[in-house]
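Only one structure is covered here, and it is reproduced in the block below.
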Amino acid sequence: MSRIGVFVCHCGENISRTVDVEQVAKAAGEIPGVAFSCDYKYMCSDPGQTLLKKAVAEHKLDGVLVAACSPRMHEKTFRKAAEAAGLNPYLCEMANIREHCSWVHEDRDMATAKAKDIVKLMVERVRKGKSLAPITVPVTKRALVIGGGIAGIQAALDIADAGHRVVLVEREPSIGGHMAQLSETFPTLDCSQCIMTPKMVDVANHPNITLFTYSEIEKVDGYIGNFQVTVKHKARSVDESKCTGCGICMTKCPKKKIPNEFDQGHGMRPAIYVPFPQAVPNTPVIDRENCTMFQSGKCGVCAKVCGPGAVDYEQQDTFTVEDVGAIVVATGFKLYTIDRKPEGSPIQGYGEFGYGTIPDIIDGMTFERLASASGPTGGKILRPSDGKEPKQVVFIQCVGSRAREKGISYCSKVCCMYTAKHTMLYHHKVHDGQAYVFFMDARTPGKGYDEFWRRAVEEEEAVYIRGMVSRMYQRGDKIVVMGSDIQVGVQVEIEADLVVLATAVQPQDGADLLAQKLGISYDKYNFYSEAHAKLKPVECATAGIYLAGACQGPKDIPDTVSQASAAAAKVMTLFAKDKLERDPVVAKVNEKYCVGCFACKKVCAYGAIEEKEIRDRQGNLVKKVAYVNPGVCGGCGTCQATCPSKSIELDGYTDEQIMAMIEAL
Amino acid sequence: MKNKLMHLSNETMNIGFVKKVEALSGSSVRRCFQCGKCSAGCPMSTFMEHPPNRVVRLLQLGQGQRILAGRSIWYCASCETCTTRCPNKVDLAAIMDALRKLSWDADGPSKESYVQLANRLFIENIRTYGRQYELRLGAAFNMKSGQFLKDLMLGPKLISKGKLKMFHSKNKNIAEIEGIFKRIEEMRKKGEAL
């Protein structure tokens with residue numbers, strides 16, 4: 001006869017409001033094999049846990065059931081308490097009478113009856129439970145960071161400074177990301193390049209960091225502590241080991257009129273180029289689509305002028321496999337493109353703003369480049385169409401963001417602040433100019449942020465107009481902006497010289513494809529999902545993969561840097577131990593009955609099932625059976641449900657347990 | 001005027017006027033972030049076409065003429081509830097005061113602003129007699145505002161109680177009072193006074 005203890009939690013009033021917890025505890029005490037039952041206001045609190053521990057010792061309990069919230073919330077808490085009381089932690093289970101009962105029902109009697117049933121069947125599961133020992137797996141103390149923006153750079157530097165090796169992979173020819181494009185940063189107005197480039201140089205010089213630029217993630221195998229990542233090194237057409245970064249190839253390249261992506265297409269670059277002068281590494285790449293040599297086979301100027309002979313037109317893409325123990329994903333964001341409706345995307349464009357037809361309607365990042373000392377205008381605010389200095393500039397917030405009809409319902413978080421910054425930069429550079437801002441709300445929750453915005457309004461004379469713009473059109477060389485001031489309740493018309501749109505922050509292109517390679521989840525916008533919005537904001541649900549920066553959701557620089565350091569800390573925690581303990585809730589194959597059909601292998605989402613050969617003493621092959629790698633198994637139970645010969649069982653969820661639970665009802 | 005399309009540009013925004021209001025009232029106009037607390041507590045708000053917060057908003061947009069064309073500033077009772085409760089230290093009562101002062105010289109003050117007419121006649125009486133002559137004030141107000149019979153029946157009552165004098169009594173130092181008016185006029189010409 002088993003001796004099970006049942007502890008019913010009130011969860012403050014969360015459960016006791018709709019469920020008569022005393023009755024549930026009393027009914028549980030009458031189930032055969034239950035040696036002890038009680039109810040308590042907060043089981044997860046310290047006195048609650050002490051109650052559990054004491055009861056285990058006093059009543060010599062051999063199994064514990066806590067009827068409270070979801071096991072996702074507190075299973076670990078109570079298993080730890082049971083373990084401290086000398087019980088195998090896997091003999092402690094939870095009955096969810098909060099999310100599955102009290103929160104979703106109103107009728108007290110019926111909810112109480114349901115709670116009793118839930119407890120009854122979970123008691124059966126505890127009764128049939130087995131002691132399990134945690135699985136240990138080795139940890140490769142080397143981390144992979146995907147993305148070389150400020151998030152990736154910060155995470156890589158932190159992990160490397162802790163003494164672990166890091167591989168940093170960046171898709172573009174240089175690290176730096178969007179932050180390198182910015183002119184000045186809020187709320188202090190310090191120069192972005194000045195605080196960014198030293199960190200980029202640190203990455204390049206750090207002995208623990210291996211930097212792969214112009215590279216992409218091809219394939220990810222393995223599991224926490226033991227990933228094998230295939231990295232594709234795109235052909236640069238320049239030998240990195242030979243190139244000295246003198247730049248003569250760029251000055252001699254005859255094809256110089258290619259719009260520079262780094263300047264949002266407003267400056268020009270040659271076909272062999274580095275994205276910007278402070279690029280790390282300072283090794284050019286050849287843009288093969290625009291290079292005369294690659295398109296017509298005639299030119300070769302760069303190879304002729306290159307002293308060390310680094311230009312290599314024959315270079316091919318190469319692949320390397322990196323063994324790493326943890327992965328930090330920091331792929332960042334892109335801006336919603338107002339001028340083009342993305343193909344095959346549910347996101348709608350802004351026809352009413354004359355997108356793509358009016359050259360002097362630009363996005364925020366383009367304004368950053370215009371205001372940047374390293375930008376196409378050398379830091380002068382000049383409008384794209386005729387190079388004149390605009391005297392009336394209209395800024396429009398929430399373009400794309402918070403527009404459900406256009407396909408995006410979230411707030412892009414950074415636009416309020418950077419628009420305030422733009423008005424200041426404009427006021428500093430064009431003294432007789434006037435900046436207008438159309439906005440719905442000013443969202444400035446950050447240290448020194450609201451003060452910054454108020455400074456733009458009160459001291460830097462930006463005219464903020466609460467209300468949105470309905471339409472824009474060209475009249476002569478002006479753009480007519482038709483908006484409204486909802487505070488006054490009138491229509492407003494402004495003839496602007498330049499319009500700057502604070503367009504929405506979106507995940508990078510291909511974010512979904514990378515997520516599929518990594519096996520991490522993402523939301524409908526392709527932002528990566530964290531394991532828990534509040535308590536696990538850095539971890540992915542997939543063990544060993546962490547998130548940093550705007551790939552998880554719109555973020556400003558301070559938040560991004562904080563999250564990157566947090567992700568690095570998580571990686572260091574993982575690397576602090578030589579072996580990793582994993583939850584032993586994994587599938588096991590009964591090799592006696594397995595017929596080797598490998599239906600399980602087809603359905604396994606984790607790639608945990610391998611083929612195992614069974615040989616006799618003479619070494620003759622008897623049969624092939626399935627083998628579950630416990631380090632990889634996610635414990636989902638799909639294989640158990642699929643197996644036609646019923647020879648796979650998931651520990652903690654055995655057929656025997658499930659059947660006993662059904663019978664108890 | 002109230003709902004007329006608003007064109008915004010450096011020419012249409014009268015920032016000079018706003019600067020005058022700020023100087024006169026000693027309160028920032030830009031500081032207001034339009035929370036609406038002033039209008040929420042204003043006892044006269046329901047009578048105004050531009051409630052107090054909108055008066056500030058119009059100033060922020062350099063639209064002083066829209067305020068002066070309306071009657072809001074004349075309905076303000078100067079109770080200072082707005083100033084007392086403003087979370088952002090905008091002295092709205094002082095701004096209202098400043099607007100009333102500035103309305104004296106502004107183009108096209110409201111035709112409805114009998115308050116201004118009354119104020120003007122009041123001051124003229126002081127200048128002429130050196131003190132107030134209520135009967136003349138009342139008569140002139142009724143004539144100029146076109147409401148000939150307004151409060152006529154109150155006259156005999158007030159006279160019988162000695163509150164309204166039939167004949168004026170001139171101040172002895174009328175020349176000195178004229179001197180004060182002259183000096184203010186000169187100062188106004190020089191721009192030293194409003």
Classify the stretch A:446-532 as rounded, prolate or oblate, taking a ≥ b ≥ c as the square roots of the eigenvalues of its Cα gyration tensor: rounded when a/c is under 1.5, otherwise prolate if a/b is larger than b/c and oblate if not.
prolate
Residue order, fewest to most surrounding Cβ atoms within 10 angstrom, among B:W74, A:W103:
A:W103, B:W74
Could you work out how far helix A:415-429 tilts from the main Cα principal axis of chain A, as a 0 to 90 degree angle to the nearest 10?
20 degrees
Hey, what do the phi angles of the stretch A:256-263 turn into as Karplus ³J(HN,Hα) couplings, whole Hz, using 6.51/-1.76/1.60 and θ = phi - 60°, x for Gly and Pro?
10, 9, 9, x, 7, 4, 5, 9
Set the bar at 18 Å for Cα to Cα. Now go through B:K20/B:K189; A:K388/A:K429; A:K219/A:K555; A:K413/A:K555 and name every pair that lies beyond it.
A:K219/A:K555
Euclidean distance between Cα centres, the stretch A:611-665 to the stretch A:455-498, Å
67 Å
Built amide H within the under 5 Å cut-off of A:I15, gap 5+:
none
Inter-site label distance for B:R183 and A:K447 at 7 Å from Cα along Cβ, in nm:
5.7 nm
Which entries in B:K37/B:K101; B:K19/B:K190; B:K4/B:K89 show an alpha-carbon gap greater than 21 Å?
B:K37/B:K101; B:K4/B:K89
Considering amide H positions built from the backbone, and no H for Pro or chain starts, which residues 5 or more places from A:L580, or on another chain, come under 5 Å of its amide H?
A:V137, A:V139
Counting other Cβ atoms within 10 Å, keep those with at most 13, restrict to DSSP loop, and tell me which trypsin sites (Lys or Arg not before Pro) in the stretch A:228-266 are left.
A:K256, A:K257
Which angle between 0 and 90 degrees, to the nearest 10, do you get for helix A:108-127 versus the longest principal axis of chain A when only C-alpha atoms count?
70 degrees
Tell me, A:H59, A:H74 in order of fewest to most beta-carbon neighbours within 10 Å?
A:H59, A:H74
Just want the ordering: A:V469, A:V321, from fewest to most Cβ atoms lying within 10 Å of their own Cβ.
A:V321, A:V469
Quick check on chain A: take the gyration tensor over C-alpha atoms, sort the square-rooted eigenvalues as a ≥ b ≥ c, and tell me if it's rounded (a/c under 1.5), prolate or oblate.
oblate
Residue separation between B:A139 and B:M166 times 0.36 nm, minus their alpha-carbon distance, gives in nm 8.5 nm
For the stretch A:549-649, which chymotrypsin sites (Phe, Trp or Tyr not before Pro) are in a loop by DSSP, counting at most 12 other Cβ atoms within 10 Å?
A:Y593
With the crude spin-label approximation of a point 7 Å out along Cα→Cβ, what separation in nm comes out for A:K592 versus B:K157?
11.3 nm
Near the amide H of A:F395, under 5 Å away, which other amide H atoms are found, from residues 5 or more places off or on another chain, if H is placed in the peptide plane?
A:Y436, A:V437, A:F438, A:V500
Estimated inter-spin distance, A:T573 and A:D512, nm [label 7 Å along Cα→Cβ]
3.2 nm
Just to confirm the filter: which GluC sites (Glu not before Pro) across the stretch A:577-665 are DSSP coil and have at most 15 other Cβ within 10 angstrom of their Cβ?
A:E591
Per-pair calculated FRET efficiency, R0 = 56 Å: B:E124 and A:M468 via Cβ, rounded to 0.05:
0.65
Residue-wise, which Karplus ³J(HN,Hα) couplings in Hz belong to the stretch A:615-623, taking 6.51 cos²θ - 1.76 cosθ + 1.60, θ = phi - 60°, and x for glycine or proline?
10, 7, 5, 7, x, 7, 5, 8, 6
Using a ≥ b ≥ c from the Cα gyration tensor of the stretch A:355-505 (square roots of the eigenvalues), is it rounded, prolate or oblate, where a/c under 1.5 gives rounded and otherwise the larger of a/b and b/c decides, a/b for prolate?
rounded
Calculate one ³J(HN,Hα) per residue across the stretch A:406-411 by plugging θ = phi - 60° into the Karplus curve 6.51 cos²θ - 1.76 cosθ + 1.60, and present them in order as whole Hz with x for glycine and proline.
7, x, 10, 9, 7, 8
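Just so you know, all these numbers are worked out from the coordinates, no wet-lab data involved. In this text the structure is predicted, and so the values were computed from the model without any measurement. Reconstructed Cβ throughout: ideal geometry from the backbone, glycine too, with neighbour counts over all protein chains shown.
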